[in-house]
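Worksheet: one structure, shown below.
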Amino acid sequence: MKFFIDTANLSEIKEAHALGILDGVTTNPSLMAKEGVKGKDSVFRHYKAICDIVDGDVSAEVIATDFAGIVREGEELAEIDSKIVIKVPMIKDGIKAIKYFSDRGKKTNCTLVFSAGQALLAAKAGATYVSPFLGRLDDVSTDGLVLIEQLVNIYQNYAFDTQVLAASIRHSMHIVRCAELGADVATCPLAPILALLNHPLTDSGLAKFLSDAKKMSE
Ligand code: G3P
């Protein structure tokens, strides 16, 4: 399973990259706004700065919601860097735009996916990634992991190339369950990625080894 970081914060991206386990980045307008990035030039410079840190795909989301606007904006975003993946919302014109981009060899990420039917349409249109938001489904008392399982099965049934990019991940067990279910990618904030490191038996075991090691040097 690939690990993407779901943030536009450059120091968090650098920290995850320095761990050596980072395969890409996803952003969205909320995450970009959180970094205080304002104006097209500054937004584009920020995407470029992200691309310069990581080796893998970087999702940049369009704001337009009409076909012509999505295509125009997506093409501009794709010009920033070859790592840019055009992130398009799951709406009718979004699906048309994904098909348009896919026919021209441009990578896309279909976002705001909450049902298997939506994900089927995204795959038919040729999306590179589909982003089911599992945490937001959990928020409304619906098991988001069930959707991940459905998408993995459906895409396997028909050998779709579209990758299941589990998004809206809130904690480390979401990551582990996504790996068990066969998600292609998990995009996570930095905290749940770092939380995977933790186990109290690792801490106590290491403390014991270090105290015993001191005995050897005495
Ligand atoms: O990038 C989209 C998604 O990961 C958002 O997560 O926590 O705002 O539901 P969240």
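The values are calculated or read from the model by the stated rules, or taken from the named source; none is laboratory data. Since we're looking at a predicted model, the values are computed, not measured. Neighbour counts run over all protein chains shown; Cβ positions are idealised from the backbone, glycine included. Surface areas here come from the heavy atoms of the whole protein model, side chains and all, with no ligands, DNA or RNA. Shrake-Rupley method; radii C 1.70, N 1.55, O 1.52, S 1.80 Å.
Below is a table of values for the structure above.
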item: Cleavage-rule hits, trypsin sites (Lys or Arg not before Pro), the range 1-65, DSSP coil, Cβ neighbours within 10 Å at most 13; result: 38
item: Solvent exposure of the range 82-218 as accessible area per residue, Å², 1.4 Å probe; result: 52
item: Percentage relative contact order, the range 112-218, counting C-alpha pairs under 8 Å, at least six apart; result: 22
item: Counting DSSP beta bridges with both ends in the chain, the antiparallel % (nearest 5); result: 0
item: Flagged links, alpha-carbon separation over 24 Å, of 14/99; 2/83; 48/92; 48/124; result: 14/99; 48/92; 48/124
item: Using alpha-carbon coordinates, inclination of helix 144-157 to the longest axis of the chain, degrees; result: 60
item: Solvent-accessible ranking of 161, 41, largest area first, probe 1.4 Å; result: 161, 41
item: Heavy atoms of residue 114 accessible to a 1.4 Å probe, total area in Å² rounded to 10; result: 80
item: Positive-end extreme of charge dipole, the chain - chosen from 3, 181, 82 (charges on Cβ); result: 82
item: Cα centroid separation, the range 66-112 to the range 174-207 (Å); result: 31
item: Tilt relative to the chain, helix 67-80 - C-alpha long axis, 0 to 90 degrees, to 10; result: 50
item: CD proxy at 222 nm, helix term only [per DSSP H run n ≥ 4: -39500 (n - 2.57); per residue of the chain; nearest 500]; result: -16500 deg cm²/dmol
item: Average Cα contact separation per residue, the range 1-158, under 8 Å, 6 or more apart, as relative contact order %; result: 14
item: Of all accessible heavy-atom area on the chain, the percent that carbon and sulfur account for (1.4 Å); result: 55
item: Selection of GluC sites (Glu not before Pro), the range 1-40, meeting DSSP coil and at most 16 other Cβ within 10 Å; result: 35
item: Shape parameters for the range 29-175, alpha-carbon atoms, Rg then Dmax in Å; result: 15.2, 44
item: Mean shadow area of the range 135-199 over all directions, Cα convex hull, nm²; result: 4.6
item: Charge context of residue 179, other residues only, Cβ under 15 angstrom, K/R +1, D/E -1; result: -2
item: Relative contact order computed over the range 72-169 (Cα-Cα under 8 Å; 6+ residues apart), in percent; result: 23
item: Dimensions in Å of the range 1-82 - Rg and Dmax from alpha carbons; result: 12.7, 40
